[in-house]
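The structure appears right after this line, and notes come after that.
The values are calculated or read from the model by the stated rules, or taken from the named source; none is laboratory data. Note that the coordinates shown come from a computational prediction; the quantities given were computed from them, not determined experimentally. A quick note on method: Cβ atoms are made from the backbone with ideal geometry, for glycine too, and the neighbour counts reach across all protein chains shown. Ligands, DNA and RNA are excluded from the accessible area calculation, which covers all protein heavy atoms including side chains. Shrake-Rupley method; radii C 1.70, N 1.55, O 1.52, S 1.80 Å.
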Amino acid sequence: MNKKEAAAIAAAFESSLASQAKPGRAEFEKKYLKSDLRFLGATMPVVRAECKGFYRENRLISRADLDVLTDVLWQTRCHELRSIGICLMVHFSQLYSHRDLPMVKQLVTEAGGWAHVDWLATDLLGSIYTRSSSIAAKLRSWSKHEDFWVRRASMLALLDEARHGNRAAFDLFAEFAATMIEEKEFFIRKAIGWILREASKKQPQWTFDFLMKHRQKASGLTMREGSKYLTPEMQAKLKQI
């Protein structure tokens, strides 16, 4: 696949999405996400359906062709087309490995918003971590990056494994979160609370121990989110001075 062919596919995606757009949604989404991207106004179910349809018809696509297509979709600077690009990478996540971390990191820094950062981190980067936990060292460097979206991604990459009771993943997350626990950035505080909350569904003691250790430094948002599914007894102890 060359760039001209990829551009034709992107144009077909855009035409289909635009035909299914909802009046006023593009403007609303742009303001809600505080984004400088172009919006078409298509809903996420529509975006995912377009992605799934392409996936069904192109299951044997090569990594080289996928790279050309996803790059073209990303360069459109259209929110929904970028979403399809991420969706395709996630569908073909087995084609990606630890060698792709620089590329994923670049996308995270260019995304500049939770809607795409979180998708890249939890589903694509998370898949790479699940298959190659050796990327822990790289994620550790991400957790110290100057861009808070990269720091957020370092933690969200561990979300699925932590929620499934993987102690190594939770401990790595806890290490990262401890260094960010006093940050004022909302999206960092929210991410820490989110992962703690999800982990607590299977391993409440892990979340409780982390919050007890850091309760004097953790934000109210992190405490509320993280302790949401803990037992009443645990929640009461966390509130004790």
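For this structure, a couple of remarks:
- Taken together, Ala12, Ala49 contain a single residue that is out of contact with any Cys (no Cβ under 8 Å at 6 or more places or on another chain), open to solvent by less than 80 Å² (accessible area, probe 1.4 Å), without any contact (Cβ under 8 Å) to a residue 40 or more places away in the chain and within 15 Å of Cys87 (Cα to Cα), which is Ala49.
- Filter pass, His214 being surrounded by 16 or more Cβ atoms within 10 Å (Cβ to Cβ) and over 16 Å from the mean Cα position of the chain (by Cα): yes
- When the stretch 94-114 is limited to residues that are among the hydrophobic types (A, V, I, L, M, F, W, C), touching a Phe, Trp or Tyr at 6+ places or on another chain (Cβ under 9 Å) and open to solvent by 40 Å² or more (accessible area, probe 1.4 Å), the one that is nearest to Gln75 (Cα to Cα) turns out to be Met103.
- Of all residues in the stretch 27-39 being within 19 Å of Ile86 (Cβ to Cβ) and out of contact with any strand residue (DSSP E or B) (no Cβ under 8 Å at 6 or more places or on another chain), the one that is surrounded by the most Cβ atoms within 10 Å (Cβ to Cβ): Glu29
- Unique residue being more than 27 Å from Gln106 (Cβ to Cβ) and either in contact with a Leu (Cβ under 9 Å, 6 or more places away or on another chain) or in contact (Cβ under 8 Å) with a residue 60 or more places away in the chain (or both) when the list is Arg215, Arg224, Arg140, Arg189: Arg215
- Some residue of the stretch 177-186 being touching a His at 6+ places or on another chain (Cβ under 9 Å) and part of a helix (DSSP H, G or I): yes
- Against the test of being among the hydrophobic types (A, V, I, L, M, F, W, C), more than 25 Å from Ser127 (Cα to Cα) and in contact with a strand residue (DSSP E or B) (Cβ under 9 Å, 6 or more places away or on another chain), the options Ala6, Ala10, Ala42 yield a single qualifying residue, Ala10.
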